[in-house]
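Notes to accompany the following structure.
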Amino acid sequence: MADNSENIEKRPDPRRHPKPNTLASNEPPTTGHEWDGIREYDNPMPRWWVWIFIITIVWSVGYWVAYPAWPGIQSSTAGLLGYSSRANVATEIAEFEASNDQFFAQLVTTELDEIRDNDELQRFAVNAGGAVFRAQCSQCHGTGGAGVQASGFPNLLNDEWLWGGTMEDIHQTIRYGIRNEDHFDARWSEMPAFGRDGLLDDAEIDQVVNFVLSLSGADHDARLAALGQEHYEINCASCHMDDGSGDYFTGAPALNTQVWLYGGTPEAIRESIYNSRFGVMPGFADRLRDAEIRAVAAYVHQLGGGQ
């Protein structure tokens, strides 16, 4: 057997002596670098790409000079053109406010019940009032005006009103509020706590609860309702009326409908009779311009149809 050790030793190591660069005539030259058999072409970028790249650099430098660009400690460079996006926004806001002020001025000089006779003014009032409502009133009455029964915040989407649903009534309520101590002209009424103050005992309160349920046609105990009618007429009818139709002047809710401020269950009605309710609404005379209050009144008025 022939000894091939000499031939093995003379065989070149492919790791130390890579293959020569054998490229087709139509391929670009390589840089001479090779990684795991992958060669790097020495292929320069196209001239058009290089020129576009140079132009973008020149453009960016020009932009830095012409417009605000470089931030500083307190502000950025102003730029030769003096452009300011904030100033532009402020100008546009001022223009819109000037345009809106014309309608706000018209709202103040127009009688409340005549606003809806002017289609353009009515549209503006509803849109402006809706914006104010969502910012100032939706926290209690809900974004859509549906109210929160558990907390006694009235639903404004129906045509049942505690203090009246005319534009004048709604404007008065929004302007001065209800049962607050901030405005002398705030709406004010207070229901006695018949159970807590010992005006009626538990049995009598249960009788009145069933009579109140009977006024709205809800399920009730007829025997207890008959006994409760006399207590109702003596203690409740002066505000809620004999037929339970309520009274706008005192803010006494109607009891002969299925619309309830705090809920129409026997438990909710008993709580109202036993401990009374005393909901408070702030007045907005010190928070909003009269034109804005008028706009909110127009918005709320059209939610439930108004009176």
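Only the coordinates and a few stated rules stand behind these numbers; no lab work does. Since the model is a prediction, treat every value here as computed from it, not as a measurement. Here the Cβ positions follow ideal geometry from the backbone for every residue, glycine too, while neighbour counts run over all protein chains shown.
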Quick check: the angle from helix 167-176's long axis to the longest principal axis of the chain, C-alpha only, nearest 10 degrees? 80 degrees
Add +1 for every Lys or Arg and -1 for every Asp or Glu among the other residues with Cβ under 13 Å from the Cβ of Leu112, and state the total. -4
Run the numbers for Thr110 and Ala222: contour at 0.36 nm per residue of separation, minus the present Cα-Cα distance, in nm. 35.1 nm
Identify which of Ala203, Ala222, Ala69 has the largest mean-square fluctuation in a Gaussian network model of the chain, with springs joining Cα atoms closer than 10 Å. Ala69
Sorted from largest to smallest, which semi-axis lengths in Å does the alpha carbon gyration tensor of the range 202-275 give for its equivalent ellipsoid, taking the root of 5 times each eigenvalue? 17, 13, 12
Range in the chain, longest, excluding exposed GluC sites (Glu not before Pro) [loop by DSSP; at most 11 other beta-carbon atoms within 10 Å]: 191-307
To make sure I understand, if each residue's beta carbon is the centre and we count other beta carbons within 10 Å, what order do Arg287, Arg270 fall in, fewest to most? Arg287, Arg270
Convex hull of the range 19-83 built on C-alpha atoms - directionally averaged projected area, nm²: 8.2 nm²
Name the residue from Tyr274, Gly251, Leu227 whose Cα lies farthest towards the positive end of the charge dipole of the range 202-275, charges +1 on Cβ of Lys and Arg and -1 on Cβ of Asp and Glu. Gly251
Would you grab the residues whose amide H sits under 5 Å from the one on Thr30? Only those 5+ places off in sequence or on another chain, please, with H modelled 1.01 Å from N. Asp42
Ranked from fewest to most other Cβ atoms within 10 Å of their own Cβ, His183, His301 fall in the order His183, His301
Spelling it out for Gly147: with amide H atoms placed in the peptide plane at 1.01 Å from N, the residues 5 or more places away or on another chain with amide H under 5 Å from its amide H are Gly142, Leu156
Of Met241, Met281, Met45, the most mobile residue in a GNM of the chain (C-alpha springs, cutoff 10 Å) is Met45
Once the other residues with Cβ under 14 Å from the Cβ of Asp202 are scored (Lys, Arg +1; Asp, Glu -1), what is the net sum? -4
Kirkwood Rh (inverse of mean 1/r, distinct Cα pairs), the chain, angstrom: 27.0 Å
Distance (nanometres) between label positions extended 7 Å along Cα→Cβ at Gln149 and Ala90: 5.1 nm
Net charge, Phe124 excluded, C-beta distance under 15 Å - Lys, Arg +1, Asp, Glu -1: -3
For the range 51-62, take each phi angle, set θ = phi - 60°, evaluate the Karplus expression 6.51 cos²θ - 1.76 cosθ + 1.60, and give the result in whole Hz per residue in order, putting x for glycine and proline. 5, 5, 4, 5, 5, 5, 5, 4, 4, 5, 4, x
Note, ³J(HN,Hα) from phi for the range 97-104, Karplus 6.51, -1.76, 1.60, rounded to Hz, x at Gly and Pro: 5, 5, 5, 5, 4, 5, 6, 4
Kindly express, to the nearest 10 degrees and within the range 0 to 90, the angle between helix 266-275's C-alpha long axis and the longest C-alpha principal axis of the chain. 70 degrees
Can you tell me the orientation of helix 119-136 relative to the chain, as the angle in degrees between its alpha-carbon axis and the longest Cα principal axis, to the nearest 10? 80 degrees
Where nothing but the Cβ of Lys and Arg (+1) and of Asp and Glu (-1) is charged, how large is the charge dipole of the range 202-275 around its Cα centre, in debye to the nearest 20? 140 debye
Suppose every Lys and Arg Cβ carries +1 and every Asp and Glu Cβ carries -1, with no other charges. What dipole size does the chain come out with about its Cα centre, to the nearest 20 debye? 2020 debye
Just flag the chymotrypsin sites (Phe, Trp or Tyr not before Pro) in the range 244-274 sitting in loop per DSSP whose Cβ has no more than 12 other Cβ atoms within 10 Å. Phe249
